[in-house]
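In what follows, a single structure is set out as structure tokens and then discussed.
FYI, it's all coordinate maths here, none of it is from the lab. Remember, it's a predicted structure, so these values are computed and weren't measured experimentally. Don't worry about glycine lacking a Cβ; one is built from the backbone with ideal geometry, like all the others, and counts go over all protein chains shown.
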Amino acid sequence: MMERIAEASPRLKARIAGVLYLIAGSAGGFAEVVVRGRVVVRGDAAATAANILAHESLYRWGGAADLIGLACDTAVALIFYELFKPVNKSLSLLAAFFRLMFVAIMATITLNHFAPLVFLGGSRDLSAFSAGQLQAQALASLRLHALGYNICLVFFGFTCLLLGYLIFRSTFLPRIVGVLMAITGVGYLINSFVHFLAPAYGAYVFRYVLVPCGIGEFVLIVWLLVIGVNTQRWKEQASAAGASIRT
């Protein structure tokens, strides 16, 4: 499949990336907002445990959605590298590395999403712990997941910043999309570092900074799906980049 994508036209690559980006974003939003946002009760381990057990199938689907999204993000990293290599090969590669770092860390912390099912599953191996202790461990796992999520967004923020620059410097996508993606990257970075340094303000940052910044990703996805890239200009920029390397 990856070989076919590599041989595809730039416009087709862009549309494939748009589809995969949309799936990744939808899957991640479902897992974070619909699932964890529904079952986690801040500061109440018993209520969180009750919600997880009452909606166990939904909770498992949330973890599965995260993994599906990460698989799509991995492919998006490769396709974007190929698309933006003519603009700046080194920065395109760096953007791909940052996105893959996001994927790797997110895949690791997904273990914390499934951990509460182990703690609350009634396993004999955990019979030495009281119900309250197991509920507390389940909630602690989800807190660690939230912390890891904000660490992931640091790498994703740098990815968006680099993509914004690459889009702005490209001749085959509108510059305004690059500006919006750069703003999105700054929003992700602000969100993460506020959660690290001043967690009391995390909810306000998410509401007033991060959510509006998601417009950049939305615009990029829609543009890739509906229009793709200007193939002729992409080829011209790729030819110019090849000529500069040879000289």
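How big is D for the chain, in µm² s⁻¹ as a whole number, if Stokes-Einstein is applied with the Kirkwood radius of its Cα pairs at 37 °C and 0.692 mPa s?
Numbers: Rh = 19.3 Å.
Value of D from the Cα-based Kirkwood radius: 170 µm²/s.
From the Cα gyration tensor of segment 157-199, with a ≥ b ≥ c the square roots of its eigenvalues, which class applies: rounded if a/c is under 1.5, or else prolate if a/b is larger than b/c, or else oblate? Write out the running numbers ahead of the final one.
Values: a/c = 5.89, a/b = 3.43, b/c = 1.72.
Taking the square roots of the gyration eigenvalues as a ≥ b ≥ c, segment 157-199 is prolate.
Picking from GLY187, GLY132, GLY18, which is most flexible by a Gaussian network model of the chain using Cα springs under 10 Å?
GLY132
Assuming R0 = 41 Å, can you tell me the calculated FRET efficiency for the pair PHE129 and ARG169, based on Cβ-Cβ distance, to the nearest 0.05?
Values: r = 56 Å, r/R0 = 1.36.
Efficiency computed from Cβ-Cβ geometry: 0.15.
Can you give me the three principal axis dimensions of segment 1-139 from its C-alpha atoms, in Å, biggest first?
Result, largest extent first: 59, 26, 23 Å.
Sorted from fewest to most neighbouring beta carbons within 10 Å, what does the list ASP44, ASP125, ASP73 look like? Walk me through the numbers before you get to the answer.
Values: ASP44 13, ASP125 8, ASP73 24.
Taking fewest neighbouring Cβ atoms as first place, the list is ASP125, ASP44, ASP73.
Expressed as an acute angle from 0 to 90° and rounded to the nearest 10, what is the orientation of the C-alpha long axis of helix 175-197 relative to the principal long axis of the chain?
Once rounded, the angle reads 30 degrees.
On C-alpha positions alone, give me the angle between the axis of helix 231-246 and the longest principal axis of the chain, in degrees, nearest 10.
With both axes taken from Cα atoms, the answer is about 80 degrees.
With an 8 Å cut-off on Cα pairs and a minimum separation of 6 or more residues, tell me the relative contact order of segment 91-161 in percent.
Details: 52 pairs, mean separation 37.9, N = 71.
Computed value for segment 91-161: 53 percent relative contact order.
Counting Lys +1, Arg +1, Asp -1, Glu -1, what net charge surrounds GLY121 among other residues with beta carbon under 15 Å of its beta carbon?
On the way: positive: ARG60, ARG124; negative: GLU56, ASP125.
In short, 0.
Using Cα pairs under 8 angstrom and six or more residues apart, how large is the relative contact order of the chain, in percent?
Details: 321 pairs, mean separation 57.5, N = 247.
It rounds to 23 percent for the chain.
Report the residue, chosen from GLY122, GLY69, GLY178, that carries the largest GNM mean-square fluctuation when the chain is represented by alpha-carbon nodes joined by springs under 10 Å.
GLY122
To the nearest 10 degrees, how steeply does helix 10-29 sit against the main Cα axis of the chain, on a 0 to 90 scale?
20
Test of understanding: ordering THR108, THR159, THR48 by Cβ neighbours within 10 Å, fewest first, what list do you get? Intermediate values should be presented prior to the final figure.
Values: THR108 12, THR159 28, THR48 22.
The order, fewest Cβ neighbours first, is THR108, THR48, THR159.
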